[in-house]
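Trainee: This structure is in structure tokens; I'll ask about it shortly.
The values are calculated or read from the model by the stated rules, or taken from the named source; none is laboratory data. Here the structure is a predicted model, which means the values were calculated and not measured. Quick reminder, even Gly has a Cβ in these numbers, built from the backbone with ideal geometry, and neighbours come from all protein chains shown.
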Amino acid sequence: MTARPCGLVVDGSAALVGDPGRGLATVPLRIVIGDREFIDDGRTDAYASFYARLRDGAAPITSTPAPGEYLDAFRSLDAERVVCITIPARWSGMYGAATLAADMLAGEEGRRRVTVIETETAIAGLSLVARVAAELCAAGAGPQTVEARVRQAGEEVSLFGSLATLTFVARSGRVNSLVAGVSNSLHVRPVFRLQGGETGRVALTRTVSGSLDALERVATEQLGTASQWMVVFHADAPDEAAALSGRLRASGHVARSEIVPLSPIAGAYTGPGAFGFAALPLDGAVPA
């Protein structure tokens, strides 16, 4: 059989299950909470038990995949070239591990076959970029096409979300813990935006309904009238995600949409109860 032109490697947080036959390999992520280790390989069936432990107060311990795990993923794909996408290097060691693995494979094979792309997004934003790339690879697109589209999608994707609490993100050091404590005591739900690797506050709400209103409003005001490819995400909040998906679809600008449970590796920082969406203009994406 002839090797496909390009394959894709992504970590488990993208919520895609590896399928080497379609040119996709998933690097598992490991997270320990209490006495149990969760292995996130894109399958979502164990997420509910993880969030139950998180709600009970157990502290999660996350780890970065070893270069050898990326190397195994690269080797598993029968492809002339491989594109690997990660979240920003300043947020995780995954980009460094993948880059080292790409160097190791190049040393083995005597040629460079893997391109590692550091996207400026995460959570559902990474899921959406990964879906764009996965469809291109499955359709037999060449590496230059896949790489160009990944970089374009990484620049264009927008992510908006609502946190039920700032406690978990405060543990990561991304916000001042005192601010988190004040916000929690006032029962404030921050609505945030992630684009181009930068996060910012969009609104402060007090209720789930208020967060839904804010997210619906921001979709209308900031995404314009172009048709969008959307991924709605949630951290053990399926009802909120379903309500948000319905509101977004009612806008008439959603061409493609799916609801994706947020992986433990991301949920450890957002905390349970978070929900939101990532959006990408459909122009240039693979049609449904």
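Trainee: Of the residues Ser63, Ser92, which single one is closer than 17 Å to Asp40 by Cβ and exposed (fewer than 15 other Cβ atoms within 10 Å of the Cβ)?
Mentor: Values: Ser92 fails: exposed (fewer than 15 other Cβ atoms within 10 Å of the Cβ).
Being closer than 17 Å to Asp40 by Cβ and exposed (fewer than 15 other Cβ atoms within 10 Å of the Cβ) holds for just one of Ser63, Ser92, which is Ser63.
Trainee: Same structure, new question: Residues that are modelled with pLDDT under 95, out of contact with any Ser or Thr (no Cβ under 6 Å at 6 or more places or on another chain) and not in a loop (DSSP other than H, G, I, E, B): does region 62-73 have at least one?
Mentor: Within region 62-73, one or more residues are modelled with pLDDT under 95, out of contact with any Ser or Thr (no Cβ under 6 Å at 6 or more places or on another chain) and not in a loop (DSSP other than H, G, I, E, B).
Trainee: Being hydrophobic (A, V, I, L, M, F, W, C) and more than 25 Å from Arg43 (Cα to Cα) is true for just one of Ala226, Ala242, Ala279. Which residue is that?
Mentor: Details: Ala242 fails: more than 25 Å from Arg43 (Cα to Cα); Ala279 fails: more than 25 Å from Arg43 (Cα to Cα).
Matching residue, one of Ala226, Ala242, Ala279: Ala226.
Trainee: Residue check, Ser211 against (1) touching a helix residue (DSSP H, G or I) at 6+ places or on another chain (Cβ under 9 Å); (2) closer than 14 Å to Gly276 by Cβ; (3) surrounded by fewer than 22 Cβ atoms within 10 Å (Cβ to Cβ), all met but one. Which one?
Mentor: The single condition Ser211 does not satisfy is (3).
Trainee: Can I ask one more? Is it the case that region 218-233 has a residue that's closer than 24 Å to Leu54 by Cα and not in a strand (DSSP E or B)?
Mentor: No, the conditions are met nowhere in region 218-233.
Trainee: How many residues, within region 219-241, are farther than 14 Å from Gly161 by Cα and small (Gly, Ala, Ser)?
Mentor: Selection size over region 219-241: 3.
Trainee: Still on this structure, please answer the following. Looking at the structure I just gave you, is Ala153 more than 30 Å from Thr207 (Cα to Cα), of a type in the set (A, V, I, L, M, F, W, C) and not in a helix (DSSP H, G or I)?
Mentor: Numbers: more than 30 Å from Thr207 (Cα to Cα): yes; of a type in the set (A, V, I, L, M, F, W, C): yes; not in a helix (DSSP H, G or I): no.
When the stated conditions are applied, Ala153 does not pass them.
Trainee: Pairs needed: first member in region 234-254, within 18 Å of Ser13 (Cα to Cα); second member anywhere, assigned to a helix (DSSP H, G or I) and modelled with pLDDT of 95 or more; C-beta distance under 8 Å; at least 6 residues apart or different chains.
Mentor: Listed by first residue and then by second, the contacts come to His234/Glu240; His234/Ala241.
Trainee: Filter region 219-242 for residues that are over 21 Å from Tyr269 (Cβ atoms) and surrounded by fewer than 19 Cβ atoms within 10 Å (Cβ to Cβ) and give the result.
Mentor: Taking region 219-242 as the starting set, the residues that turn out to be over 21 Å from Tyr269 (Cβ atoms) are 219-230, 239, 242.
Once the filter is applied, which keeps residues that are over 21 Å from Tyr269 (Cβ atoms) and surrounded by fewer than 19 Cβ atoms within 10 Å (Cβ to Cβ), region 219-242 yields Thr220, Glu221, Gln222, Gly224, Thr225, Ala226, Ser227, Asp239, Ala242.
Trainee: Restricting to region 79-97, what's the tally of residues that are touching a helix residue (DSSP H, G or I) at 6+ places or on another chain (Cβ under 9 Å) and either at pLDDT 95 or above or assigned to a helix (DSSP H, G or I) (or both)?
Mentor: The number of residues fulfilling the criteria is 11.
Trainee: Which one is farthest from Arg53 (Cα to Cα), of the residues in region 20-33 that are without any contact (Cβ under 8 Å) to a residue 40 or more places away in the chain and surrounded by 14 or more Cβ atoms within 10 Å (Cβ to Cβ)?
Mentor: Step one: list which residues in region 20-33 are without any contact (Cβ under 8 Å) to a residue 40 or more places away in the chain, which gives 21, 30, 32.
Retained after the next criterion (residues that are surrounded by 14 or more Cβ atoms within 10 Å (Cβ to Cβ)): 30, 32.
Working: Arg30: 16, Val32: 11 Å.
My answer is Arg30.
Trainee: Could you please give the count of residues in region 27-37 that are over 24 Å from Phe74 (Cβ atoms) and either of a type in the set (Phe, Trp, Tyr) or in a loop (DSSP other than H, G, I, E, B) (or both)?
Mentor: Result for region 27-37: 2.
Trainee: When the residues of region 121-142 are filtered to those that are assigned to a loop (DSSP other than H, G, I, E, B) and buried (at least 18 other Cβ atoms within 10 Å of the Cβ), which remaining residue is nearest to the chain's Cα centre (by Cα)? Step through it out loud before you land on a result.
Mentor: Quick first cut of region 121-142, residues assigned to a loop (DSSP other than H, G, I, E, B) only: 121-123, 139-142.
Next cut, buried (at least 18 other Cβ atoms within 10 Å of the Cβ) only: 121-123, 141.
On the way: Thr121: 7, Ala122: 4, Ile123: 3, Ala141: 23 Å.
If we take residues in region 121-142 being assigned to a loop (DSSP other than H, G, I, E, B) and buried (at least 18 other Cβ atoms within 10 Å of the Cβ), then Ile123 is nearest to the chain's Cα centre (by Cα).
Trainee: Being part of a strand (DSSP E or B) and buried (at least 20 other Cβ atoms within 10 Å of the Cβ) is the filter here; which residues of region 262-287 pass it? Please lay out each step first, then the result.
Mentor: First pass over region 262-287, keeping only residues part of a strand (DSSP E or B): 275-281.
Within region 262-287, Phe275, Gly276, Phe277, Ala278, Ala279, Leu280 meet the criteria.
Trainee: Is one or more of the residues making up region 74-83 in contact with a Phe, Trp or Tyr (Cβ under 8 Å, 6 or more places away or on another chain), surrounded by 21 or more Cβ atoms within 10 Å (Cβ to Cβ) and either of a type outside the set (D, E, K, R) or more than 22 Å from Thr165 (Cβ to Cβ) (or both)? Working first, answer last.
Mentor: The initial filter retains those residues of region 74-83 that are in contact with a Phe, Trp or Tyr (Cβ under 8 Å, 6 or more places away or on another chain), namely 82.
Narrowing the set further to residues that are surrounded by 21 or more Cβ atoms within 10 Å (Cβ to Cβ) leaves 82.
Narrowing further to those that are either of a type outside the set (D, E, K, R) or more than 22 Å from Thr165 (Cβ to Cβ) (or both): 82.
Yes, some residue in region 74-83 is in contact with a Phe, Trp or Tyr (Cβ under 8 Å, 6 or more places away or on another chain), surrounded by 21 or more Cβ atoms within 10 Å (Cβ to Cβ) and either of a type outside the set (D, E, K, R) or more than 22 Å from Thr165 (Cβ to Cβ) (or both).
Trainee: Another question about this same structure. Among the residues of region 91-130, write down those that are charged (D, E, K, R), out of contact with any strand residue (DSSP E or B) (no Cβ under 7 Å at 6 or more places or on another chain) and farther than 10 Å from Leu71 by Cα.
Mentor: Applying the first criterion (charged (D, E, K, R)) to region 91-130 yields 103, 108-109, 111-113, 118, 120.
Applying the additional criterion that residues be out of contact with any strand residue (DSSP E or B) (no Cβ under 7 Å at 6 or more places or on another chain) yields 103, 108-109, 111-112, 120.
The answer is Glu108, Glu109, Arg111, Arg112, Glu120.
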